[in-house]
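Below you'll find the structure, written out as structure tokens, and then a few comments.
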Amino acid sequence: MDKKLEKILPLVQKPARYTGGELNSVIKDKNSVDIRMAFCFPDSYEIGMSHLGIKILYALANAREDTWCERVFAPWDDMEKKMRENEIPLYALESGDPIRDFDVIAFTLQYELCYTNVLNMLDLAGLPVRAADRQSLSPIVIGGGPCACNPEPIAAFFDLFTLGEGEEVNNEILDLYADCKKRGASKAEFLRLAANIPGVYVPSLYSVRYNGDGTVREIAPADGAPAKITKRIVRDLDGVFYPDTFVVPFIEVVHDRVTHEIFRGCIRGCRFCQACFLNRPIREKSPETINEQCKVLCRNTGYDEISLCSLSSSDYSGIEALLDKLLSWTPEEKINVALPSLRVDNFSDELLEKLKSVRRSGLTFAPEAGTQRMRDVINKNVTEEEMLETARIAFSGGYSAVKLYFMLGLPTETDEDVEGIGLLAKKVVDEFYRTPDRPKGRGVTVGISASSFVPKPFTPFQWEPQATREALLHKQQHLKETLPSKKINVSFHDINTSFLEAVFARGDRRLSAVIEEAWRRGCTFDSWGDKFKFDVWMDVFRDLALSPEFYANRARNYDEVFPWDHLDYGVSRAFLQREDEKSKEAKTTGHCRLHCAGCGANQLNGGRCDV
Ligand code: SF4
Ligand code: SF4
């Protein structure tokens, strides 16, 4: 270990975040590889090490003989300070080598409020933050993950983005890079060639013109770049690469277990839900494959918990067969099975029976809205009766704590809809006391968690305004004041962070200047409440004469050109518009198993959806 690093590690919190050397981390001989790659998660070690995507793509890159991929996380501010004081550049955990000397620096972009951390990490590495100021072929800075669906606010900082799933496209980029490096190609040539790999977006090859009212007029490609970039998907989840081991951290991280993805996409189509539409078409992995992969992962990591993850786990068509398979060996090996992301309307007695043998933490449901009208607007196809029936089954099965997730500020929401949240929670409380075989000697706790609605690209609500901060504050107060029972507690997400998230989610390239300036004025870790400097952000918007309300609180016309209109995630704009129009009449669309609503995403998979 570097001497300077050795000196500072005892002086910072949780030094194990920065040492590397964990079980299963990959060490290679740097002289025998062609590509050094840094896979960066722009948040703390504990959050990044819990993320499944980084585990998959780290193992995928390291499966190549010509590549050594290492992990990098955002140093916490105490560590950053010491690194800057001691002139230690940002380094990769496996080798300890500075990442500025690497060939490829890839960031996964999971949420908008990590953007300043990306800039901070590039700067800590000793690199210019703007792509135009990094002239040589190495390092190439790549972004991927959900925020790549509208990367325009951060377009100035990245050389390229990958759209959709990375398992195939990442290898194609690395192949091209290896070839370009071997023959001494320039960065410009590499980017021109990369732009022709399906699913790769090179923002510097597109120019944006604006209308007088500030909306986008045109996004024009140059140098042979395609006019539309379509996201990549993996067609066969059983055949696709999956790691046989995970790096096991020395310190506790948020999810310290084997996480296994059981399917991609969601059949439901809730109109606010970006994850649903970004990840379509629906593709399932078979119970046999999942079971075998879980066995191998448990053996290679020593973990005693498997978490089956997806957007809506009880919609997985093989859920009972899978639980049967897993429960045939996990109890003997003292391994727990956890099943988050359950929906409320298909939670049967039989599933509950099986869940009794899996780990039982509190039960969480996401009705999202308190009244049936509001749930119809957002296409949350679940009725009050179904929710109460599920609560009854859960209470009979021994649960006594329920957490309910709601959103405030949804399109068309009235005070009555807000009051409906408390009334629904009260009905859940009453259901507990009406359930004859409820857990005895225990009271019920019902917690409401209310976030603020953020309109996102590629959803039917992409045209809708976010409620103003004043309106959201009123809604929060109204909910608190009208809560009908003391057994219900309520917590709220911070309105200001949701506001900024809304600005960047549908922002354009002009926001790169705002992000850079806010970072220069000290903004980092914006998703961490105690570090979020909202006043600084507002000062920057004012100083750069850009209105955040223009991005967050403005309703869009159906013919407006969006900053992300040159990107294609499979779901057609016509379908999204139809869904938005239906929402205004509180008309629902049934889920994909009832009938295909023609969203268009199956075209990416040869016309197939696993429904
Ligand atoms: S059930 Fe609704 S909210 Fe949940 S992932 Fe599916 S579409 Fe999204
Ligand atoms: S193509 Fe049809 S079945 Fe497939 S996700 Fe879209 S609406 Fe659902």
For this session: Consider only pairs whose beta carbons are under 8 Å apart and that are at least six residues apart or on different chains; among these, list those whose first residue lies in segment 567-583 and is in contact (Cβ under 8 Å) with a residue 24 or more places away in the chain and whose second residue is surrounded by fewer than 16 Cβ atoms within 10 Å (Cβ to Cβ) and β-branched (Val, Ile, Thr).
Result: 583/412
Exercise. Quick check: anything in segment 280-296 in contact (Cβ under 8 Å) with a residue 40 or more places away in the chain, surrounded by fewer than 18 Cβ atoms within 10 Å (Cβ to Cβ) and either within 16 Å of ligand 1 (Cβ to nearest atom) or not assigned by TED's automatic domain parsing to the domain that holds residue 458 (or both)?
Worked result: no
For this session: Would you mind stating whether residue 550 is assigned to a helix (DSSP H, G or I), away from ligand 1 (no atom under 16 Å from the Cβ) and among the hydrophobic types (A, V, I, L, M, F, W, C)?
Result: yes
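Using the structure shown, decide if residue 611 is buried (at least 20 other Cβ atoms within 10 Å of the Cβ) and either in a loop (DSSP other than H, G, I, E, B) or more than 14 Å from ligand 2 (Cβ to nearest atom) (or both).
When the stated conditions are applied, residue 611 does not pass them.
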Exercise. Taking the stated definitions as given, is residue 210 crowded, with 18+ Cβ neighbours inside 10 Å and of a type in the set (Ser, Thr, Tyr)?
Worked result: no
Problem set entry | Residues satisfying the stated conditions in segment 162-190, i.e. in contact (Cβ under 8 Å) with a residue 24 or more places away in the chain, of a type in the set (Gly, Ala, Ser) and part of a helix (DSSP H, G or I) | 166, 178
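Every residue, every condition in (1) in contact with a helix residue (DSSP H, G or I) (Cβ under 9 Å, 6 or more places away or on another chain); (2) closer than 21 Å to residue 147 by Cα; (3) assigned to a loop (DSSP other than H, G, I, E, B), yes or no:
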site	(1), (2), (3)
70	yes, no, no
80	yes, no, no
88	yes, no, yes
94	no, no, yes
100	yes, no, no
106	yes, yes, no
115	yes, yes, no
118	yes, yes, no
121	yes, yes, no
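The rows are residues; the columns are (1) at pLDDT 95 or above; (2) in contact with a Gly (Cβ under 7 Å, 6 or more places away or on another chain); (3) assigned by TED's automatic domain parsing to the domain that holds residue 146.
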{"site": "479", "(1), (2), (3)": "yes, yes, no"}
{"site": "484", "(1), (2), (3)": "no, yes, no"}
{"site": "508", "(1), (2), (3)": "yes, no, no"}
{"site": "517", "(1), (2), (3)": "yes, no, no"}
{"site": "550", "(1), (2), (3)": "yes, yes, no"}
{"site": "559", "(1), (2), (3)": "yes, no, no"}
For this session: Among the candidates 528, 537, single out the residue that is surrounded by 21 or more Cβ atoms within 10 Å (Cβ to Cβ) and away from ligand 2 (no atom under 16 Å from the Cβ).
Result: 537
Exercise. Just wondering, is there one or more residues in segment 590-600 that are away from ligand 2 (no atom under 16 Å from the Cβ) and either under 25 Å from residue 206 (Cβ atoms) or at pLDDT 95 or above (or both)?
Worked result: no
Problem set entry | Exclusive hit being modelled with pLDDT of 95 or more and either closer than 23 Å to residue 274 by Cα or β-branched (Val, Ile, Thr) (or both), set 535, 494 | 494
Problem set entry | Of residues in segment 596-608 being away from ligand 1 (no atom under 16 Å from the Cβ) and either assigned by TED's automatic domain parsing to the domain that holds residue 274 or in a helix (DSSP H, G or I) (or both), the one nearest to residue 372 (Cα to Cα) | 602
Exercise. Of a type in the set (D, E, K, R) and without any contact (Cβ under 8 Å) to a residue 24 or more places away in the chain: does that describe residue 475?
Worked result: no
For this session: Within segment 1-53, work out how many residues are aliphatic (A, V, I, L, M), closer than 29 Å to residue 177 by Cα and in a helix (DSSP H, G or I).
Result: 1
Exercise. Looking at segment 507-537, which of its residues are touching a Lys or Arg at 6+ places or on another chain (Cβ under 7 Å) and either on the phi > 0 side of the Ramachandran plot or assigned to a helix (DSSP H, G or I) (or both)?
Worked result: 522, 525, 536
Exercise. Within the bounds of segment 554-573, is there any residue that is within 16 Å of ligand 2 (Cβ to nearest atom) and assigned to a helix (DSSP H, G or I)?
Worked result: yes
Exercise. Mind checking whether some residue in segment 336-349 is touching a helix residue (DSSP H, G or I) at 6+ places or on another chain (Cβ under 9 Å), among the basic types (Lys, Arg) and either more than 24 Å from residue 253 (Cβ to Cβ) or modelled with pLDDT of 85 or more (or both)?
Worked result: yes
Seminar exercise, completed: The residue that is nearest to residue 233 (Cα to Cα), considering only those in segment 579-595 that are within 16 Å of ligand 1 (Cβ to nearest atom) and surrounded by 15 or more Cβ atoms within 10 Å (Cβ to Cβ), is 592
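The values are calculated or read from the model by the stated rules, or taken from the named source; none is laboratory data. Remember, it's a predicted structure, so these values are computed and weren't measured experimentally. Positions of Cβ are generated from backbone atoms using ideal geometry, with glycine treated the same way; all protein chains shown enter the neighbour counts.
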